[in-house]
1. Take I100 and decide whether it is open to solvent by less than 50 Å² (accessible area, probe 1.4 Å), assigned to a loop (DSSP other than H, G, I, E, B) and farther than 22 Å from E26 by Cβ.
2. Among the residues of the range 39-55, which ones are under 16 Å from A107 (Cβ atoms) and open to solvent by 10 Å² or more (accessible area, probe 1.4 Å)?
3. If only one of Q92, Q43, Q125 is modelled with pLDDT under 95 and under 26 Å from T11 (Cβ atoms), which one is it?
4. Please enumerate the residues belonging to the range 30-60 that are in contact with a helix residue (DSSP H, G or I) (Cβ under 9 Å, 6 or more places away or on another chain) and within 12 Å of A74 (Cα to Cα).
5. Among the residues in the range 56-76, are any assigned to a loop (DSSP other than H, G, I, E, B) and in contact with a Pro (Cβ under 9 Å, 6 or more places away or on another chain)?
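The values are calculated or read from the model by the stated rules, or taken from the named source; none is laboratory data. Because the structure is predicted, anything quoted here is derived from the model rather than measured. Every residue, glycine among them, receives a Cβ derived from its backbone with ideal geometry; neighbour counts consider all protein chains shown. The protein model used for the area step is the full one, side chains on, heavy atoms only, and it has no ligands, DNA or RNA in it. Shrake-Rupley method; radii C 1.70, N 1.55, O 1.52, S 1.80 Å.
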Amino acid sequence: PTVLEVAFRPTHKLPRFRGGQFVAVETPSGEKRVYSFARGPAQAEKEGIVLCVRYQQGGVASEYLKNLTEGAQATLYGPYGDFVIEPSRDPQSHRALCLISTGTGIAPLLAMVQELYENRRLPAQVLN
(Lines give C-alpha, C1' and ligand atoms only; values in the text may rest on other atoms or scores of the structure.)
Protein backbone atom coordinates (compact mmCIF):
# COMPACT_ATOMS: atom_id res chain seq x y z
CA PRO A 1 0.00 0.00 0.00
CA THR A 2 2.96 2.38 0.30
CA VAL A 3 4.54 1.68 -3.09
CA LEU A 4 3.25 3.01 -6.38
CA GLU A 5 4.25 1.68 -9.77
CA VAL A 6 4.03 4.61 -12.17
CA ALA A 7 4.28 3.91 -15.90
CA PHE A 8 4.99 6.48 -18.58
CA ARG A 9 4.84 6.26 -22.35
CA PRO A 10 7.22 8.95 -23.55
CA THR A 11 5.98 11.31 -26.26
CA HIS A 12 9.58 11.67 -27.50
CA LYS A 13 12.22 9.04 -28.20
CA LEU A 14 13.72 7.92 -24.90
CA PRO A 15 17.30 9.01 -24.37
CA ARG A 16 19.62 6.04 -24.07
CA PHE A 17 19.85 4.91 -20.44
CA ARG A 18 21.27 2.04 -18.44
CA GLY A 19 19.70 -0.08 -15.74
CA GLY A 20 20.53 1.61 -12.44
CA GLN A 21 20.12 5.15 -13.70
CA PHE A 22 17.34 7.54 -12.66
CA VAL A 23 15.19 10.44 -13.83
CA ALA A 24 13.99 13.61 -12.13
CA VAL A 25 10.21 14.15 -12.15
CA GLU A 26 9.02 17.74 -12.06
CA THR A 27 5.86 18.49 -10.07
CA PRO A 28 3.42 21.25 -11.06
CA SER A 29 4.98 23.45 -8.33
CA GLY A 30 8.38 23.09 -10.03
CA GLU A 31 9.92 20.81 -7.42
CA LYS A 32 11.89 17.82 -8.70
CA ARG A 33 12.22 14.37 -7.18
CA VAL A 34 14.37 11.53 -8.47
CA TYR A 35 13.28 7.97 -9.14
CA SER A 36 15.19 5.01 -10.58
CA PHE A 37 14.09 3.21 -13.71
CA ALA A 38 12.44 -0.08 -12.73
CA ARG A 39 12.48 -1.49 -16.25
CA GLY A 40 15.42 -2.31 -18.51
CA PRO A 41 16.18 -0.09 -21.53
CA ALA A 42 14.92 -2.42 -24.27
CA GLN A 43 11.66 -3.17 -22.48
CA ALA A 44 11.19 0.53 -21.66
CA GLU A 45 11.64 1.43 -25.32
CA LYS A 46 8.90 -1.04 -26.29
CA GLU A 47 6.47 -0.62 -23.39
CA GLY A 48 7.35 2.65 -21.66
CA ILE A 49 9.26 3.40 -18.49
CA VAL A 50 8.25 2.37 -15.00
CA LEU A 51 9.17 4.06 -11.73
CA CYS A 52 8.65 2.66 -8.23
CA VAL A 53 7.57 5.43 -5.87
CA ARG A 54 7.34 5.18 -2.11
CA TYR A 55 4.08 6.91 -1.32
CA GLN A 56 4.20 9.45 1.49
CA GLN A 57 0.87 10.97 2.38
CA GLY A 58 1.18 14.72 1.79
CA GLY A 59 4.47 14.30 -0.10
CA VAL A 60 4.59 16.77 -2.99
CA ALA A 61 5.85 14.33 -5.60
CA SER A 62 4.21 11.13 -4.40
CA GLU A 63 0.78 12.82 -4.14
CA TYR A 64 1.29 14.25 -7.65
CA LEU A 65 2.28 10.88 -9.10
CA LYS A 66 -0.47 9.02 -7.23
CA ASN A 67 -3.09 11.35 -8.68
CA LEU A 68 -1.91 11.29 -12.29
CA THR A 69 -4.57 9.94 -14.59
CA GLU A 70 -4.05 7.91 -17.72
CA GLY A 71 -3.04 10.19 -20.57
CA ALA A 72 -1.81 12.99 -18.28
CA GLN A 73 1.57 14.46 -19.16
CA ALA A 74 4.54 14.82 -16.83
CA THR A 75 7.99 16.32 -17.30
CA LEU A 76 10.95 14.04 -16.67
CA TYR A 77 14.63 14.94 -16.89
CA GLY A 78 17.53 12.60 -17.35
CA PRO A 79 18.77 9.97 -17.37
CA TYR A 80 21.32 10.55 -14.62
CA GLY A 81 23.63 8.44 -12.49
CA ASP A 82 26.40 5.91 -12.84
CA PHE A 83 25.12 3.11 -10.59
CA VAL A 84 25.30 0.56 -13.42
CA ILE A 85 26.75 -2.89 -13.96
CA GLU A 86 29.64 -2.81 -16.39
CA PRO A 87 29.77 -5.96 -18.50
CA SER A 88 32.89 -8.10 -18.35
CA ARG A 89 35.27 -7.64 -21.26
CA ASP A 90 35.62 -11.42 -21.37
CA PRO A 91 32.42 -12.99 -22.78
CA GLN A 92 33.38 -16.33 -21.19
CA SER A 93 33.61 -14.77 -17.74
CA HIS A 94 30.81 -15.77 -15.38
CA ARG A 95 31.05 -13.59 -12.33
CA ALA A 96 28.65 -14.12 -9.44
CA LEU A 97 26.30 -11.25 -8.79
CA CYS A 98 24.40 -10.66 -5.57
CA LEU A 99 21.97 -7.73 -5.49
CA ILE A 100 20.28 -6.80 -2.21
CA SER A 101 17.76 -4.05 -1.57
CA THR A 102 14.82 -3.03 0.55
CA GLY A 103 11.61 -1.29 -0.48
CA THR A 104 11.74 0.82 -3.61
CA GLY A 105 15.50 0.23 -3.73
CA ILE A 106 14.58 -2.81 -5.81
CA ALA A 107 13.82 -0.55 -8.82
CA PRO A 108 17.36 0.03 -10.10
CA LEU A 109 18.23 -3.61 -9.46
CA LEU A 110 15.26 -4.79 -11.53
CA ALA A 111 16.36 -2.57 -14.40
CA MET A 112 19.94 -3.85 -14.12
CA VAL A 113 18.87 -7.50 -14.22
CA GLN A 114 16.56 -6.85 -17.16
CA GLU A 115 19.36 -5.07 -19.01
CA LEU A 116 21.72 -8.01 -18.41
CA TYR A 117 19.05 -10.37 -19.72
CA GLU A 118 18.29 -8.13 -22.73
CA ASN A 119 21.98 -8.16 -23.63
CA ARG A 120 22.08 -11.96 -23.25
CA ARG A 121 24.43 -11.77 -20.29
CA LEU A 122 22.04 -13.52 -17.93
CA PRO A 123 20.09 -16.77 -18.36
CA ALA A 124 16.31 -16.42 -18.53
CA GLN A 125 15.66 -18.72 -15.54
CA VAL A 126 17.16 -16.10 -13.23
CA LEU A 127 14.16 -13.84 -13.89
CA ASN A 128 11.61 -16.45 -12.83
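1. No: the conditions fail for I100.
2. If the condition is that a residue be under 16 Å from A107 (Cβ atoms) and open to solvent by 10 Å² or more (accessible area, probe 1.4 Å), then R39, P41, Q43, E47, C52, R54, Y55 are the ones that fit.
3. Sole residue among the options that is modelled with pLDDT under 95 and under 26 Å from T11 (Cβ atoms): Q43.
4. Once the filter is applied, which keeps residues that are in contact with a helix residue (DSSP H, G or I) (Cβ under 9 Å, 6 or more places away or on another chain) and within 12 Å of A74 (Cα to Cα), the range 30-60 yields only K32.
5. Looking for residues that are assigned to a loop (DSSP other than H, G, I, E, B) and in contact with a Pro (Cβ under 9 Å, 6 or more places away or on another chain), one finds none in the range 56-76, hence no.
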